[in-house]
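*Asks:* I'd like to ask you about the structure that follows.
The values are calculated or read from the model by the stated rules, or taken from the named source; none is laboratory data. From a predicted model like this one, the values you see are computed outputs, not experimental measurements. Cβ coordinates were reconstructed from backbone atoms using ideal geometry, including for glycine residues, and neighbour counts include every protein chain displayed. For the accessible areas, the whole protein counts, side chains as well, though only heavy atoms, and no ligand, DNA or RNA atoms are used. Shrake-Rupley method; radii C 1.70, N 1.55, O 1.52, S 1.80 Å.
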Amino acid sequence: MNRDWNPSLYQSSHSFVWEYGRDLLGLLAPLAGERILDVGCGTGQLTAEIARAGAEVLGIDHSVSMITQARRNFPDQRFEVQDVCAMPFRTEFDAVFSNAALHWVERADDAAAAMARALKPGGRLVVEFGGRGNTRALLEALRLALKARHGAEPQRVNPWFFPSVGEYASLLERHGLEVTFATLFDRPTALEGGGEGLANWFAMFGASLTEELRQPEFVRLVEQAAAPSLLRDGVWWADYRRLRVAARKEG
Ligand code: BEZ
């Protein structure tokens, strides 16, 4: 999938990503002196927050532009461009943390294997990302708009990995991670930008789904289809569902 991330748009209109992620830090409970890996750190806000607890944190992201922005935001923090599936780390970290990133990783099995390898025995994994049913109404609106425009059923419009609790827990267990907590919950999320909230969301996250999302008149079609379920009092809502999981590396 082509991901031409726009860090400026991300920071100016999508702060809810790390604002909600703060809640996950309670489950991570970082301690002073721990070595922690933040997978898919984006522009670094949560990496910096983990560091404030006194932990030594490395933030990684696949996107060069995100890491460039993270380094600008937090020059004292360590950030690296890394593909989670190909990370070289071996039994180095007390904890691996990830917020709102793993649904982008198509090779979920390779990602789990690499995160498990990076942990010390007894180390913990704390992750949250889109779970089964995430953005169902958003994607349905896109499907309806594509169908209205082309008069035929469009091809697959969900390139993301949104697993159920059972699927993801089994996957982690196959890599020697004992799941200690797992939940799937609705998190309707108000999109920033008022009447432009949905357009912003597709501009940030959906541009790679179909070229048509670059056309304002097509985005208006998607908005028409989405409005009955996702527009309330002038505010657009994303129908997010979060999968939150904690696990411990066996051994
Ligand atoms: C999410 O955070 O759930 C999400 C973000 C962008 C695309 C798909 C899902």
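*Asks:* Hey, can you tell me all the residues within the stretch 147-174 that are part of a loop (DSSP other than H, G, I, E, B) and either in contact with a strand residue (DSSP E or B) (Cβ under 9 Å, 6 or more places away or on another chain) or small (Gly, Ala, Ser) (or both)?
*Replies:* Listed by number, the residues that qualify are GLY151, ALA152, TRP160, PHE161, PHE162, PRO163, SER164.
*Asks:* Another question, if that's okay. Counting only residues that are away from the ligand (no atom under 16 Å from the Cβ) and of a type in the set (Asp, Glu), which one in the stretch 67-111 is surrounded by the most Cβ atoms within 10 Å (Cβ to Cβ)?
*Replies:* Once the filter is applied, the top-ranked residue is ASP94.
*Asks:* Right, another one. Which members of the stretch 220-241 meet the condition of being assigned to a strand (DSSP E or B), open to solvent by less than 20 Å² (accessible area, probe 1.4 Å) and farther than 30 Å from THR180 by Cα?
*Replies:* TRP236
*Asks:* Of everything in the stretch 175-215, what is closer than 17 Å to VAL235 by Cβ, open to solvent by 40 Å² or more (accessible area, probe 1.4 Å) and either among the hydroxyl-bearing types (Ser, Thr, Tyr) or in a helix (DSSP H, G or I) (or both)? Give them in sequence order.
*Replies:* Matches in the stretch 175-215: GLY195, GLU196.
*Asks:* Would you mention how many residues in the stretch 125-141 are more than 11 Å from the chain's Cα centre (by Cα), more than 12 Å from the ligand (Cβ to nearest atom) and buried (at least 21 other Cβ atoms within 10 Å of the Cβ)?
*Replies:* 3
*Asks:* Just one of (1) more than 16 Å from the ligand (Cβ to nearest atom); (2) surrounded by 16 or more Cβ atoms within 10 Å (Cβ to Cβ); (3) of a type in the set (Lys, Arg) trips up ARG244, so point out which.
*Replies:* (1)
*Asks:* Let me ask something else about it. In the stretch 186-218, which residues are modelled with pLDDT of 95 or more, farther than 24 Å from ARG244 by Cβ and within 13 Å of the ligand (Cβ to nearest atom)?
*Replies:* Result: LEU198, single match.
*Asks:* Do we find that GLY251 is at pLDDT 95 or above, under 24 Å from ARG124 (Cα atoms) and out of contact with any His (no Cβ under 9 Å at 6 or more places or on another chain) in this structure?
*Replies:* No.
*Asks:* Still on this structure: Considering (1) among the hydrophobic types (A, V, I, L, M, F, W, C); (2) within 16 Å of the ligand (Cβ to nearest atom); (3) in contact with a helix residue (DSSP H, G or I) (Cβ under 7 Å, 6 or more places away or on another chain); (4) part of a helix (DSSP H, G or I), say which one LEU144 fails and leave the rest.
*Replies:* LEU144 satisfies every listed condition except (2).
*Asks:* Just to be sure, is GLY122 of a type outside the set (Phe, Trp, Tyr) and farther than 26 Å from ASP23 by Cα?
*Replies:* The answer is no for GLY122.
*Asks:* Could you list all residues from the stretch 1-30 that are more than 22 Å from GLU192 (Cβ to Cβ) and free of Cβ contacts under 8 Å to residues at least 60 places away in the same chain?
*Replies:* GLY26, ALA29
*Asks:* Right, something else. Of these, LEU25, LEU31, LEU58, which one is open to solvent by 10 Å² or more (accessible area, probe 1.4 Å) and in contact with an Asp or Glu (Cβ under 7 Å, 6 or more places away or on another chain)?
*Replies:* So the residue among LEU25, LEU31, LEU58 that is open to solvent by 10 Å² or more (accessible area, probe 1.4 Å) and in contact with an Asp or Glu (Cβ under 7 Å, 6 or more places away or on another chain) is LEU25.
*Asks:* Among the residues of the stretch 83-90, are any in contact with a Gly (Cβ under 9 Å, 6 or more places away or on another chain), among the aliphatic types (A, V, I, L, M) and part of a loop (DSSP other than H, G, I, E, B)?
*Replies:* No, every residue in the stretch 83-90 fails to be in contact with a Gly (Cβ under 9 Å, 6 or more places away or on another chain), among the aliphatic types (A, V, I, L, M) and part of a loop (DSSP other than H, G, I, E, B).
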